[in-house]
1. Does Gly81 satisfy the criteria of being loosely packed, with under 14 Cβ neighbours inside 10 Å, assigned by TED's automatic domain parsing to the domain that holds Gly211 and on the phi > 0 side of the Ramachandran plot?
2. Which one of these is at pLDDT below 90, of a type outside the set (Asp, Glu) and within 16 Å of ligand 1 (Cβ to nearest atom): Ile200, Ile207, Ile117?
3. Take the stretch 177-216 and flag every residue that is away from ligand 2 (no atom under 16 Å from the Cβ) and of a type in the set (Gly, Ala, Ser).
4. Just give me the residues in the stretch 102-134 being surrounded by fewer than 14 Cβ atoms within 10 Å (Cβ to Cβ), within 16 Å of Val65 (Cβ to Cβ) and of a type in the set (Ser, Thr, Tyr), in sequence order.
5. When you go through Tyr146, Tyr137, Tyr179 one by one, which is the residue that is closer than 22 Å to Ile102 by Cα and either of a type in the set (Phe, Trp, Tyr) or surrounded by 13 or more Cβ atoms within 10 Å (Cβ to Cβ) (or both)?
6. Taking the stretch 113-140 only, how many residues are within 16 Å of ligand 2 (Cβ to nearest atom) and of a type in the set (Ser, Thr, Tyr)?
7. Filter the stretch 90-112 down to the residues that are outside any strand (DSSP E or B) and within 15 Å of ligand 2 (Cβ to nearest atom), then identify the one that is nearest to Thr123 (Cα to Cα).
Amino acid sequence: MKEAAAEIIGIIDSVYNMHNRGVNIYFEGPEEDFATLLDAVDSSFADKNIECILQQTIIAVAGKVQSGKTTLIEELARYGGDEYRVNNVDGILTYASNDNAIIFYEIPGIDIGVDNIIAARETFERLVKTGVTVFLYCLGSSKIEYSEENLIKFVAQNYPSIKVIVALTKYIDEDSASYPKQLSKRLNGIEVVPLLAKEIKVRQGAIDAYGIDVLNRELFEEK
Ligand SMILES: Nc1nc2c(ncn2[C@@H]2O[C@H](COP(=O)(O)OP(=O)(O)OP(=O)(O)O)[C@@H](O)[C@H]2O)c(=O)[nH]1
Ligand SMILES: [Mg+2]
């Protein structure tokens, strides 16, 4: 494994690292394979200007209390098929895939009120330091509070490298099919994905879950 890694690095070095000007290798995959890569660079290419960077998808999930954050994370995890470890770190639920390539943080629910929005913003800014790549905001009703809108715009404006997505959770309102588009426009083009993570029982039967596949694509395939 390490020899194979050294061979690949050797090729990258000879093709992309002319005159040792420097090259970055972005690695996406299990942490232990990344360790092998680092090891191969250290032992055979220590004098070369090669930097290895582990690519992770780190998703900070926010939204009001009971907006559907936990349900959404669990259904996304199930959809992806990875095993997750769940931890509570200082009150923040953390779901990490076994290879640590995907991490979800659930920011404790924001109730309406300035103090809570400030707390959520502070939590987010603390999490940013761990390398958050996506801010996923759950909106459980088709009425967005001014403070929620502010928080979403704050993240989009201050962290241009972080992808911001709004999930319209428990969205079964067929009457307002145009609402996701309207909201996206109001949020300066931020992606809005309507979905139902789990089926909902209604008097006549049940409404099937939908939209997890669309959100999954937004989160993991488009970079
Ligand atoms: N049927 C159905 N119920 C949902 C869905 N999403 C959320 N719920 C329900 O809505 C309630 C709140 O969902 P949670 O996922 O716990 O919301 P949360 O934002 O994590 O809540 P807190 O952590 O308490 O702030 C629960 O009773 C869920 O079962 C969904 O897609 N389908
Ligand atoms: Mg929860």
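1. Yes; evaluated as a whole, the condition is true for this residue.
2. Ile117
3. Ala177, Ser178, Ser184, Gly189, Gly205, Ala206, Ala209, Gly211 - these are the residues of the stretch 177-216 that are away from ligand 2 (no atom under 16 Å from the Cβ) and of a type in the set (Gly, Ala, Ser).
4. none
5. Residue meeting the stated conditions: Tyr137.
6. 2
7. First, the residues of the stretch 90-112 that are outside any strand (DSSP E or B): 90-91, 98-101, 107-109, 111-112.
Now narrow it down to the ones that are within 15 Å of ligand 2 (Cβ to nearest atom): 91, 107-109, 111.
Working: Gly91: 10, Ile107: 7, Pro108: 9, Gly109: 11, Asp111: 14 Å.
Checked the stretch 90-112; the qualifying residue nearest to Thr123 (Cα to Cα) is Ile107.
Conditions tested, residue by residue: (1) touching a strand residue (DSSP E or B) at 6+ places or on another chain (Cβ under 7 Å); (2) part of a strand (DSSP E or B).
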{"residue": "Val155", "(1), (2)": "yes, no"}
{"residue": "Val164", "(1), (2)": "yes, yes"}
{"residue": "Pro180", "(1), (2)": "yes, no"}
{"residue": "Asn188", "(1), (2)": "no, no"}
{"residue": "Val193", "(1), (2)": "yes, yes"}
{"residue": "Arg217", "(1), (2)": "no, no"}
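The values are calculated or read from the model by the stated rules, or taken from the named source; none is laboratory data. Every value quoted in this text rests on a predicted model; they were computed, and no experiment measured them. Heads up, the Cβs are rebuilt from the backbone with ideal geometry, glycines too, and the neighbour counts pull from every protein chain shown.
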